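Quick notes on the structure that follows.
The values are calculated or read from the model by the stated rules, or taken from the named source; none is laboratory data. It should be emphasised that the depicted structure is a prediction, and the values quoted were computed from it without experimental measurement. Neighbour counts are summed over all protein chains in view; Cβ atoms, including those assigned to glycine, are modelled from backbone coordinates with ideal geometry.
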């Protein structure tokens, strides 16, 4: 049983016949008829009473129709949830930060992010640069904010300031922080091309 079987079946109910369902769905009528026949064979019950060009639901079909509508609605919600997650509107963001070095700007950035994306759960972890590197490698954080400590974290580009922001870089062979930008004010690099192209907006 596939979602298309349910869509064809509910269309026949909605439009009270195979011909109109075929016209509305832009699907050949034999394909719709076969889908309904496959459903009836799989379920072992008759879903429709056929009367000339019109059809009506059997008692079993009526029960199945209610459940089919719920299933299709849930499938659409699941698809929309996936699309929202891809847009960064829902999901989770695990952020590692370096204590005092982040206090001047991080609370306001987190507040703005939560206001823009209330469906995203943010988890904050206070970590040293070395601990952030380890957390990146283990896949335990998605974003890291730290001060310059070249020997503890490997970045894709050289740092240019005292504060830097990185995101997890999922390579098959290794994980490491990907450099986004740096600066002397609370992440002015958020206006840089690197940060604008990141999959989150801080």
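One residue is enough: does the stretch 86-98 have a residue meeting the conditions more than 29 Å from the chain's Cα centre (by Cα) and either surrounded by 11 or more Cβ atoms within 10 Å (Cβ to Cβ) or in the same structural domain as residue 125 (by TED's automatic domain parsing) (or both)? Even if it seems obvious, please write down each step before you answer.
Our first condition is that a residue be more than 29 Å from the chain's Cα centre (by Cα); within the stretch 86-98, this holds for none.
No, every residue in the stretch 86-98 fails to be more than 29 Å from the chain's Cα centre (by Cα) and either surrounded by 11 or more Cβ atoms within 10 Å (Cβ to Cβ) or in the same structural domain as residue 125 (by TED's automatic domain parsing) (or both).
Going residue by residue through the stretch 16-32, is there one that turns out to be surrounded by 17 or more Cβ atoms within 10 Å (Cβ to Cβ), at pLDDT 95 or above, in a loop (DSSP other than H, G, I, E, B) and not assigned by TED's automatic domain parsing to the domain that holds residue 114?
Checked the stretch 16-32: no residue is surrounded by 17 or more Cβ atoms within 10 Å (Cβ to Cβ), at pLDDT 95 or above, in a loop (DSSP other than H, G, I, E, B) and not assigned by TED's automatic domain parsing to the domain that holds residue 114.
Check 101, 11, 35 and return the single one that is in contact (Cβ under 8 Å) with a residue 60 or more places away in the chain, assigned to a helix (DSSP H, G or I) and surrounded by 13 or more Cβ atoms within 10 Å (Cβ to Cβ).
From the options 101, 11, 35, the qualifying one is 101.
In the stretch 45-60, what count of residues is obtained for those that are farther than 19 Å from residue 20 by Cα and either in contact with a helix residue (DSSP H, G or I) (Cβ under 8 Å, 6 or more places away or on another chain) or surrounded by 13 or more Cβ atoms within 10 Å (Cβ to Cβ) (or both)? Show your work before the answer.
Going through the stretch 45-60, the residues farther than 19 Å from residue 20 by Cα turn out to be 45-46, 58-60.
Of the ones still in play, those that are also either in contact with a helix residue (DSSP H, G or I) (Cβ under 8 Å, 6 or more places away or on another chain) or surrounded by 13 or more Cβ atoms within 10 Å (Cβ to Cβ) (or both) are 45-46, 58, 60.
Summing the residues that are farther than 19 Å from residue 20 by Cα and either in contact with a helix residue (DSSP H, G or I) (Cβ under 8 Å, 6 or more places away or on another chain) or surrounded by 13 or more Cβ atoms within 10 Å (Cβ to Cβ) (or both) in the stretch 45-60 gives 4.
Counting only residues that are touching a strand residue (DSSP E or B) at 6+ places or on another chain (Cβ under 7 Å) and farther than 19 Å from residue 88 by Cα, which one in the stretch 134-145 is modelled with the lowest pLDDT?
145
Return the residues of the stretch 104-130 that are in a strand (DSSP E or B) and over 12 Å from residue 143 (Cβ atoms); say none if nothing qualifies.
119, 121, 126
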